[in-house]
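**Q** Quick one: structure below, then a few questions.
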Amino acid sequence: MSARFNLAIHSSSGDYDVRIGHGTFDELLTERAEDPIVADAFFADRLQREQARTLLLPAEEEHKTLGAAAALIERLRDLGTARGDELIAVGGGIIQDVATAAASLYMRGLAWSYAPTTLLGMADSCIGGKSSLNVGRYKNLAGNFHPPKTVVVDPTFIDTLPEEDRAGGLCEAMKISYCRGPEAFDRYLELYEDGDQAALIHHALAAKQWFIEVDEFDRAERRLLNFGHTFAHALEAATRFGVGHGIAVGIGVLAAEAFAGHPAPALAAHARTLVAAADDLPARLEGRDRDVFEAAVLSDKKHSHGHVHLILPAAGGAIAEQRFPRDAQTIARVQAALDEAIATVIA
Ligand SMILES: NC(=O)c1ccc[n+]([C@@H]2O[C@H](COP(=O)([O-])OP(=O)(O)OC[C@H]3O[C@@H](n4cnc5c(N)ncnc54)[C@H](O)[C@@H]3O)[C@@H](O)[C@H]2O)c1
């Protein structure tokens, strides 16, 4: 066993384990030598020897659809996949979302294992069991919960990731650690300085574990992990996904801080350092569509009728969900907070 860290995650549909360490991916392939694999097409060469059991998908937002999940289900049937088999998913959040949805539906539920290959997948999305599919022009509109049976986090996958994608994954790890409290955030900063990737991923996942176990179905505490996300999702849409999710979360955290008026200097300084890894940011941000941004802010799933709900920094390094009237004044404040955050990252 090459895992350096292990986590045991409790969920109502079954417990699952997370193994973190170099070599864990090859171990999984050996352990589950007969099972079908769905993988990001980027890994076609790496999975050459497993070709006969591997289905390759493009990791592109336009393919993260109900249709893609249906096509995967059909291809699993073509491979003769039976109820007792296990699907192995290899890729970032796009492959995870399609695999979760397809596995949850195939013959009313197929067990699956997940090897995240992006830092965002490793440090955040690989636990929690959510799927989110795009429907028409709506991102992440449809989804369900179907946790994997095993997650293997093999940091060797990080080696081929572009710098910006690494920084984007760190934005999520930063956010989770901050949400867990001042001690967890300080520890995250230490691990970041040390450069110990496996330990940092373990730290972020252990922090997220608390939220998903105390509130598996996202009704109370887990909602706090949406810190920065109302701004981030809307910014992604307003730049036609020219700014990726992780970097948008970094900017979203800065915007939430600006909106709240509770300074969080260590968080803001670190978020700015991470966001600086993105190339050409001024060009990508200056062309953003303010109307699309506004519409996307208002369509956030967290809002209630009549109110916009935001997760914001609060006193003493805490964060809290707050609600504001769904009116022109709130929208103007949200736009102004984003403008302020952007001004600090492109300065
Ligand atoms: N289900 C969840 O809980 C959850 C949580 C957060 C985000 N998401 C979703 O995840 C998606 C974003 O996922 P993501 O950022 O992890 O990546 P991704 O799946 O969107 O992939 C991004 C790019 O990175 C490439 N890539 C993947 N691994 C690589 C590697 N090791 N080396 C080089 N290139 C690699 C892919 O081929 C692709 O071109 C969004 O659709 C988002 O909505 C889901």
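The values are calculated or read from the model by the stated rules, or taken from the named source; none is laboratory data. Predicted model only: the values in this text are computed from it and were never measured. FYI the Cβ positions are ideal-geometry reconstructions off the backbone, even for glycines, and counts take in every protein chain you see. Heavy atoms of the whole protein, side chains included, go into the accessibility calculation; ligands, DNA and RNA do not. Shrake-Rupley method; radii C 1.70, N 1.55, O 1.52, S 1.80 Å.
**Q** Just one of (1) on the phi < 0 side of the Ramachandran plot; (2) at pLDDT below 95; (3) in contact with a helix residue (DSSP H, G or I) (Cβ under 8 Å, 6 or more places away or on another chain) trips up LEU141, so point out which.
**A** LEU141 satisfies every listed condition except (3).
**Q** Could you grab me the full set of residues in segment 1-10 that are modelled with pLDDT under 95 and open to solvent by less than 30 Å² (accessible area, probe 1.4 Å)?
**A** Passing the criteria: only ALA3.
**Q** Go through segment 318-336 and report how many residues are aliphatic (A, V, I, L, M) and buried (at least 16 other Cβ atoms within 10 Å of the Cβ).
**A** Residues of segment 318-336 aliphatic (A, V, I, L, M): 318-320, 328, 331-332, 334, 336.
Next, only the ones that are buried (at least 16 other Cβ atoms within 10 Å of the Cβ) stay: 319, 331, 334.
Number of matching residues: 3.
**Q** Continuing with the same structure: Being out of contact with any helix residue (DSSP H, G or I) (no Cβ under 9 Å at 6 or more places or on another chain) and surrounded by 14 or more Cβ atoms within 10 Å (Cβ to Cβ) is the filter here, so list the residues in segment 27-42 that pass it.
**A** Once the filter is applied, which keeps residues that are out of contact with any helix residue (DSSP H, G or I) (no Cβ under 9 Å at 6 or more places or on another chain) and surrounded by 14 or more Cβ atoms within 10 Å (Cβ to Cβ), segment 27-42 yields GLU27, LEU28, ARG32, ALA41.
**Q** Further, regarding this structure: Restricting to segment 197-221, name every residue that is free of Cβ contacts under 8 Å to residues at least 24 places away in the same chain and assigned to a helix (DSSP H, G or I).
**A** Those that are free of Cβ contacts under 8 Å to residues at least 24 places away in the same chain and assigned to a helix (DSSP H, G or I): VAL214, GLU221.
**Q** Next question, about the same structure. Somewhere in segment 52-70, is a residue under 23 Å from PHE145 (Cα atoms), more than 16 Å from the ligand (Cβ to nearest atom) and open to solvent by 20 Å² or more (accessible area, probe 1.4 Å)?
**A** Checked against the condition, which is being under 23 Å from PHE145 (Cα atoms), more than 16 Å from the ligand (Cβ to nearest atom) and open to solvent by 20 Å² or more (accessible area, probe 1.4 Å), segment 52-70 yields at least one hit.
**Q** Now for a separate question. So the check is Cβ under 9 Å with 6+ separation or different chains; which pairs have a first residue in segment 319-347 that's closer than 16 Å to VAL308 by Cα and a second one that's open to solvent by 60 Å² or more (accessible area, probe 1.4 Å) and at pLDDT 95 or above?
**A** Pairs that qualify, where the first residue is closer than 16 Å to VAL308 by Cα and the partner is open to solvent by 60 Å² or more (accessible area, probe 1.4 Å) and at pLDDT 95 or above, are PHE324/ARG333; ILE331/GLU294; VAL334/GLU294; GLN335/ARG290; GLN335/GLU294.
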